[in-house]
Amino acid sequence: MATILRNLIICLSFLIFSSCKNDVKAVEKKVESKEELIARVFSVAENQYQFLIDKIDTITPLLQPRSLNKDGTLRMAYKEDWTSGFFPGSLWYLYEQTKDRRWLLEAEKFTKALDSAQFVKWNHDVGFMIQNSFGHGYRLTGNEIYKQAVVDAAKSLSTRFRPTARVIQSWDTDAPWIKGKNLDMPIIIDNMMNLNLLYQASKHTSDSIFLNIANSHALTTIKNQYRKDYSCFHIIDYDHITGEVRKKVNFQGYADDSSWARGQAWGVYGYTEAYKESGKKEFLEHAKHIAKFIMMNKKIPDDLIPYWDYDAESTNEVPRDASAAAIVASALLELQMFDLENKKEYLDYSESILKTLSSKKYLASEGENGGFLLKHSVGNFHENNETDAPLNYADYYYLEALIRWNNI
């Protein structure tokens with residue numbers, strides 16, 4: 001009897017051990033690989049964007065989806081809106097990743113809807129509008145019409161260069177959003193993102209004037225727009241006659257001396273691209289310093305999705321900005337190619353961001369979020385404009401980062 005009992009105990013122990021071992025293996029199998037994550041997100045993107053396009057195709061003329069209004073309806077971007085190039089850019093990324101001709105046709109259609117935007121001269125964001133749409137179109141198809149649009153846009157942007165201050169003026173002072181704010185020649189940190197248009201046009205035409213303007217703007221921005229800790233001001237206002245700095249302010253951020261999250265992201269991305277295109281070592285060094293400021297910042301939550309401003313305070317919950325996180329992830333995946341000393345740190349940081357953004361907390365389920373991918377971004381907090389909302393540029397840089405990650 002004792003022998004039988006002992007054998008039963010041995011058998012039960014074996015079964016329990018085997019079951020536990022199988023449970024561990026099952027858990028191990030549930031860990032999503034990089035390839036599986038990217039495939040999953042692009043599958044969601046295809047379904048979400050088809051859902052979005054089905055709603056947009058009823059609109060005439062064809063407009064670009066920008067965000068959601070507070071009532072859940074689509075907020076559209078007109079042709080000359082600074083965000084108008086991001087949705088076509090996302091469609092080009094879908095085509096690049098999937099090689100599905102369906103997305104090529106949609107990318108072409110929404111890019112064509114921006115025709116004539118390359119001639120905008122009152123707004124520095126012609127780079128966002130054209131390089132992210134026509135620029136990708138030329139890169140992926142070689143269509144000379146797209147190339148010409150990039151060159152024409154660079155010519156338009158160059159008209160905003162102010163030799164006295166050696167910068168590209170961002171906004172005209174009669175723009176409705178800055179009227180009455182006592183600005184003379186405002187330059188915003190976002191402008192770093194439009195320099196890539198000039199670098200590409202310089203390559204397309206072999207005309208160094210575009211290159212020189214871009215380099216001049218980037219060098220002046222290092223000198224005047226950054227603090228000693230490598231955080232930046234949103235706006236530097238110059239005197240249009242003398243070129244001297246009049247004041248340094250932060251319309252988008254929490255306060256003039258705070259660190260607006262998307263502004264820091266624009267900076268590390270912009271200077272990484274500037275180094276890539278110009279080869280100027282001071283741009284690489286500046287990108288490295290900004291990256292360090294971001295990555296070592298103790299005010300960023302543990303999941304690495306920053307608050308809309310690192311220094312924001314509120315009696316309520318402070319909104320996160322997924323768009324800033326996506327921009328940083330994409331920038332670091334580019335920077336790791338040039339700063340080999342910190343390569344692993346950049347890869348680990350960007351990978352952590354992408355895994356968080358690809359979780360249920362931030363990535364929309366199919367059919368929700370109006371058809372956009374990422375939740376929880378902030379457009380303009382002070383105007384209660386697109387706060388805790390989807391944004392087309394959050395999606396754009398998220399997809400770009402995933403493609404860059406996939407190519408490593």
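Would you list the P(r) distribution for the stretch 247-351, with all Cα-Cα distances sorted into 5 Å bins from 0 and each bin expressed as a whole %?
Pair shares across the bins are 2, 13, 23, 23, 18, 11, 6, 2, 1, 0.
At each listed q (0.11, 0.13 Å⁻¹), what is the log10 of I(q)/I(0) that the Debye formula gives for the stretch 181-322 modelled as equal alpha-carbon point scatterers?
Results for the stretch 181-322 at q = 0.11, 0.13 Å⁻¹ read -0.43, -0.60.
Run the helix sum for the chain: -39,500 (n - 2.57) per DSSP H stretch of 4+ residues, divided by residue count, reported at 222 nm to the nearest 500 deg cm²/dmol.
Details: 14 runs with 209 residues, N = 408.
It comes out at -17000 deg cm²/dmol, rounded to the nearest 500.
Taking the convex hull of the Cα atoms, report for the stretch 326-408 its projected area averaged over all directions, in nm². Spell out each step's value before the answer.
Details: hull surface 23.7 nm².
Taking a quarter of the hull surface, the average projection is 5.9 nm².
For residue 211, what accessible surface area do you get with a 1.4 Å probe? Give it in Å², rounded to 10.
Approximately 50 Å² of residue 211 is accessible to the 1.4 Å probe.
Kindly sort 140, 399 by accessible area of their heavy atoms, largest first, with the probe set to 1.4 Å.
On the way: 140 50, 399 0 Å².
Sorted descending by solvent-accessible area, the residues read 140, 399.
Excluding same-chain residues fewer than 8 positions from residue 121, which lysines have a Cα within less than 20 Å of its Cα?
Cross-link targets: 79, 112, 147, 155, 179.
So what does residue 257 come to for accessible area, using a 1.4 Å probe and Å² rounded to 10?
The accessible area comes out at roughly 120 Å².
Find the relative contact order for the chain and round it to a whole percent, using C-alpha pairs within less than 8 Å whose residues are 6+ positions apart.
Numbers: 705 pairs, mean separation 58.6, N = 408.
Relative CO of the chain lands at 14 percent.
Per the Debye formula with a single identical scatterer at each Cα and no solvent contribution, what log10 I(q)/I(0) holds for the chain at q = 0.11, 0.13 Å⁻¹?
The calculated log intensity ratios at q = 0.11, 0.13 Å⁻¹ are -0.79, -1.11.
Return the carbon/sulfur percentage of the accessible area of the chain, one whole number, probe 1.4 Å, all protein chains in place. Before the final figure, lay out the partial values.
Working: 9780 of 18280 Å².
The nonpolar share, carbon plus sulfur, comes to 53 percent.
Give the distance, in whole Å, between the Cα centre of the stretch 90-123 and the Cα centre of the stretch 142-218.
After rounding, the separation between the Cα centres reads 21 Å.
How do 294, 408 rank by accessible surface area computed with a 1.4 Å probe, from largest to smallest?
Details: 294 5, 408 90 Å².
The ordering from most to least exposed comes out as 408, 294.
Working with all protein chains in place, sort 101, 166, 404 by solvent-accessible area computed with a 1.4 Å probe, largest first.
Numbers: 101 155, 166 130, 404 45 Å².
I get 101, 166, 404, largest accessible area first.
Cα extents of the stretch 34-99 along the three principal axes, largest first, in whole Å?
Here the spans come out as 36, 24, 20 Å, largest first.
Kirkwood Rh over alpha-carbon pairs of the stretch 117-156, then Stokes-Einstein at 25 °C and 0.890 mPa s: what D in µm² s⁻¹, rounded to an integer?
D = 254 µm²/s.
Can you give me the long-range amide H partners of residue 247? Hydrogens built in the peptide plane at 1.01 Å from N, cutoff under 5 Å, separation of 5 or more residues or another chain.
Here the answer is 237, since their amide H atoms fall under 5 Å of that of residue 247.
Please list 310-321, 53-64 highest first by mean number of surrounding beta-carbon atoms within 10 Å per residue.
On the way: 310-321: 15.4, 53-64: 12.8.
So the peptides 310-321, 53-64, ranked by packing, come out 310-321, 53-64.
Taking the dipole about the Cα centre of the chain, with the C-beta of Lys and Arg at +1 and of Asp and Glu at -1, give me whichever of 315, 156, 296 is farthest to the positive side.
Of 315, 156, 296, it is 296.
How much accessible area does residue 226 have with a 1.4 Å probe, in Å² rounded to the nearest 10?
About 20 Å², ignoring ligands and nucleic acids.
If the viscosity is 1.567 mPa s and the temperature 4 °C, what Stokes-Einstein diffusion coefficient in µm²/s follows for the stretch 112-204 when Rh is the Kirkwood radius over Cα pairs? Present the calculation step by step, with values, prior to reporting the outcome.
Numbers: Rh = 13.6 Å.
Estimated diffusion coefficient is 95 µm²/s.
Using a 1.4 angstrom probe, figure out how much accessible area the chain has per residue, in square angstrom, rounded to the nearest whole.
45
Convert 10 °C to kelvin, take the viscosity as 1.306 mPa s, use the Kirkwood radius over C-alpha pairs of the stretch 65-123 as Rh, and evaluate the Stokes-Einstein diffusion coefficient in µm²/s, rounded to a whole number.
Working: Rh = 12.5 Å.
Here the translational diffusion coefficient equals 127 µm²/s.
The values are calculated or read from the model by the stated rules, or taken from the named source; none is laboratory data. Keep in mind that what you see is a predicted model, and the values were worked out from it rather than measured. Positions of Cβ are backbone-derived with ideal geometry, glycine not excepted, and every protein chain shown enters the neighbour counts. These accessible areas exclude ligands, DNA and RNA; they are computed on the full protein's heavy atoms, side chains included. Shrake-Rupley method; radii C 1.70, N 1.55, O 1.52, S 1.80 Å.
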